[in-house]
1. Given the options 332, 60, 99, which has the most mean-square fluctuation in a GNM of the chain, springs set between C-alpha atoms less than 10 angstrom apart?
2. Expected output is a single nm value to one decimal: the length gained when fully extending between residue 382 and residue 44, i.e. 0.36 nm times separation in residues minus the C-alpha distance. What is it?
3. Under 5 Å between amide hydrogens, which residues at least 5 positions from residue 389 or on another chain qualify, with H placed 1.01 Å from N in the peptide plane?
4. Give me the one-decimal Kirkwood hydrodynamic radius in Å for region 61-137, with the sum taken over alpha-carbon pairs.
5. Between region 222-236 and region 363-420, how far is it from one alpha carbon centroid to the other, in angstrom?
6. I need the GluC sites (Glu not before Pro) found in region 364-420, filtered to DSSP loop residues with at most 13 other beta carbons within 10 Å of theirs.
7. Assuming R0 = 25 Å, can you tell me the calculated FRET efficiency for the pair residue 334 and residue 398, based on Cβ-Cβ distance, to the nearest 0.05?
8. With +1 on the Cβ of every Lys and Arg and -1 on the Cβ of every Asp and Glu, and nothing else charged, how large is the dipole of region 264-420 about its Cα centre, in debye rounded to the nearest 20?
Amino acid sequence: MTFRVHEGVLHAGQVSLADIAAAVGTPTYVYSSEVIAAQYAALQAAFPGAAICYAVKANSNLGVLRFVHGLGAGFDIVSSGELQRVLVAGAEPGTAVFSGVGKSVAEIDLALKLGIGCFNVESEAELHRLATQAELLQGVAPVAVRVNPDVDADTHPYIATGLKENKFGVSAEEALELYALAGRHPYLEVKGIACHIGSQIDSPGPYLEALDRLLEISGELDCAGVRIEHIDVGGGFGIAYGGERALDVAALGTAVTERMAGRPQRLLIEPGRFLTASAGVLLTRIEYLKQSRSAGQRSFVVVDAAMNDLLRPALYGAWHAVERVDAPSAGSVAGTWDVVGPVCETGDFLARDRELTVAAGDLLAVRTAGAYGMALSSNYNSRGRPAEVLVEDGAFRVVRHREHIGDQLSLERPSAEREQ
Ligand code: LLP
């Protein structure tokens, strides 16, 4: 799509990634608004009329949130921080759903006062807390129960969430009890039913199994006189990082639409990765080449980005394509390389066993890094987080400045100094 080679240089739309690196430095995340818009359009076509609530955790940069809001999306948030971000981005709180197993009193209060669209409740204890806080604030809390449908999403164990052994949601049986409780409580209002079975799911089957469970429960609730307004099937739509199969969202959409036909409820989806992953690259520059000198040694391209900038390879063994940004220079060395960062951990790699022709000083792009890239970054090794750039309408702008050491040190100044 929008990332393509033009006159020998990788571009995001009309903008050369080499120009961005020259202006902003490296490492830098670059996001293409065109790709986000195309992915959004694919979901709109697949799920006509559905509420698309972007999962902010995938990429919470304000520039990205503003853009996604402009497309007409609502939001799926999991903390008061994310809630405040979407407000700054211009969203109405009523277009947000609040997920997560550990909502604090302060977070619930803030969401209630602002008028959140719905709380996706994950336990009986949370439902009680919600009722207490709503009564204290003399408001009514809109709720959906997050059901754990015990479906195998066939994905990496760290990102599977819909098995009964996982911490998320409640069983169908418990859900019915919670709805009975919420249905007769004066400070709770039943809005919907929700699930989210995992992330990077590549086939419709698990979604349809989960949806069938939700529809069964909603049918039982209907008989009991509890009305459900929306059915939230969560996010998790898988994309292709390399040769693997991406989820066929059109096929899923058709099957979901068929199952929902004739029902009064609105469909809600919570995509994160699907909207932003392929829209992002991490630009990084090669510091050194470290070539194998004997059998059994590996050859390393040492770059200026590290696991603190992009954790997915270290954490999940995730595969990201790595490409040169421009043509190799005369002194470049062809070989099979591990692309590693400066952090002092063996797990600090961005890619392994890649055929690349490279020289120190070259620019590389780590592809498909727009979701759970910057979002999972840290200051490990006291490294500043990368800058972020958004390409929109043929131009680029910095949407987050590079962190400097002063940013980290300022939080560690003695309290007395900080108050001044
Ligand atoms: N809704 C809920 C309740 C979620 O927990 C998540 C993601 C989503 C929606 C969005 O899922 P998505 O459409 O992005 O797959 N760090 C991992 C992914 C963790 C996903 C956590 N929950 C990774 O880098 O692969």
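1. Top of the fluctuation ranking is 332.
2. Answer, rounded to one decimal: 117.5 nm.
3. Amide H neighbours of residue 389: 29, 30, 31, 399.
4. 12.6 Å
5. Their Cα centres are 39 Å away from one another.
6. Within region 364-420, the qualifying GluC sites (Glu not before Pro) (loop, at most 13 other Cβ atoms within 10 Å) are 412.
7. Once the sixth-power term is evaluated, E becomes 0.15.
8. Numbers: 18 positive and 20 negative charges, 58 e Å.
Charge dipole, region 264-420, about its Cα centre: 280 debye, nearest 20.
The values are calculated or read from the model by the stated rules, or taken from the named source; none is laboratory data. Being a predicted model, the structure only gives us computed values, none of them experimental. Cβ: placed from backbone, ideal geometry, glycine included. Neighbour counts: every protein chain shown. For the accessible areas, the whole protein counts, side chains as well, though only heavy atoms, and no ligand, DNA or RNA atoms are used. Shrake-Rupley method; radii C 1.70, N 1.55, O 1.52, S 1.80 Å.
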